[in-house]
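Chemist: The following block contains the structure, expressed as structure tokens.
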């Protein structure tokens, strides 16, 4: 009985160490927000499916109008597809070195009131959650616009087989950062109005 109790206690201690180690690798909320930056320089290393799943789950945790969640996500990690995307997106050339990409899509017909503006807003909120999750995991990412540019949306739809009624809002390259990109201090006191304009 004594051995069983000691064994049980050891298991609990080991589990605690695993969770503590995992928590130690995660940044607190404000650190993540203030250290987030647009990463355009990647090492070329792959991004694990487990990390991509965590990132997508964070995207899906975003708020949306009347909780309609009109978003969908295309996750790309195949080198050939990443290169195909990069070939037709002049402002997403970092895809050539990214380990993956997440395409945030939205469907106006699934948004509250079938409102296109609300669909774009909802998916934008999901996109920001994704960028913060990427930072929290120690990875790098950058928002590159699909919407509202018809040529870019058309290219993304063609490469990934996205239906015409679905808006590919953005392409977010994800990868291991080289460290070249640094966060910017964007705080401007003059942008704050207390109580009234």
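The values are calculated or read from the model by the stated rules, or taken from the named source; none is laboratory data. For clarity, every value in this text was computed on a predicted model and none was experimentally measured. Cβ atoms come from the backbone with ideal geometry, glycine included; neighbour counts cover every protein chain shown.
Condition check ((1) within 22 Å of residue 156 (Cβ to Cβ); (2) modelled with pLDDT of 95 or more; (3) touching a strand residue (DSSP E or B) at 6+ places or on another chain (Cβ under 8 Å)) across all residues:
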residue	(1), (2), (3)
28	no, no, no
43	no, yes, yes
61	no, yes, no
65	no, yes, no
104	yes, yes, yes
108	yes, yes, yes
122	yes, yes, yes
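Chemist: Residue check, residue 168 against (1) over 19 Å from residue 77 (Cβ atoms); (2) outside any helix (DSSP H, G or I); (3) in contact (Cβ under 8 Å) with a residue 60 or more places away in the chain, all met but one. Which one?
Modeler: Unmet for residue 168, out of (1) over 19 Å from residue 77 (Cβ atoms); (2) outside any helix (DSSP H, G or I); (3) in contact (Cβ under 8 Å) with a residue 60 or more places away in the chain: (1).
Chemist: Filter region 124-152 down to residues that are in a loop (DSSP other than H, G, I, E, B) and out of contact with any strand residue (DSSP E or B) (no Cβ under 8 Å at 6 or more places or on another chain) and give me whichever is farthest from residue 34 (Cα to Cα).
Modeler: Checked region 124-152; the qualifying residue farthest from residue 34 (Cα to Cα) is 149.
Chemist: In addition: Just to be sure, is residue 130 in contact with a helix residue (DSSP H, G or I) (Cβ under 6 Å, 6 or more places away or on another chain), buried (at least 21 other Cβ atoms within 10 Å of the Cβ) and under 30 Å from residue 50 (Cβ atoms)?
Modeler: Against the criterion (in contact with a helix residue (DSSP H, G or I) (Cβ under 6 Å, 6 or more places away or on another chain), buried (at least 21 other Cβ atoms within 10 Å of the Cβ) and under 30 Å from residue 50 (Cβ atoms)), residue 130 qualifies.
Chemist: Residue 88 passes all but one of (1) farther than 14 Å from residue 55 by Cα; (2) touching a strand residue (DSSP E or B) at 6+ places or on another chain (Cβ under 9 Å); which number fails?
Modeler: Residue 88 satisfies every listed condition except (2).
Chemist: Going through region 82-95 one residue at a time, which ones are over 18 Å from the mean Cα position of the chain (by Cα) and touching a residue at least 12 places away in the same chain (Cβ under 8 Å)?
Modeler: 83, 84, 88, 89
Chemist: Another question, if that's okay. Counting only residues that are farther than 20 Å from residue 167 by Cβ and surrounded by 14 or more Cβ atoms within 10 Å (Cβ to Cβ), how many does region 56-78 have?
Modeler: 2
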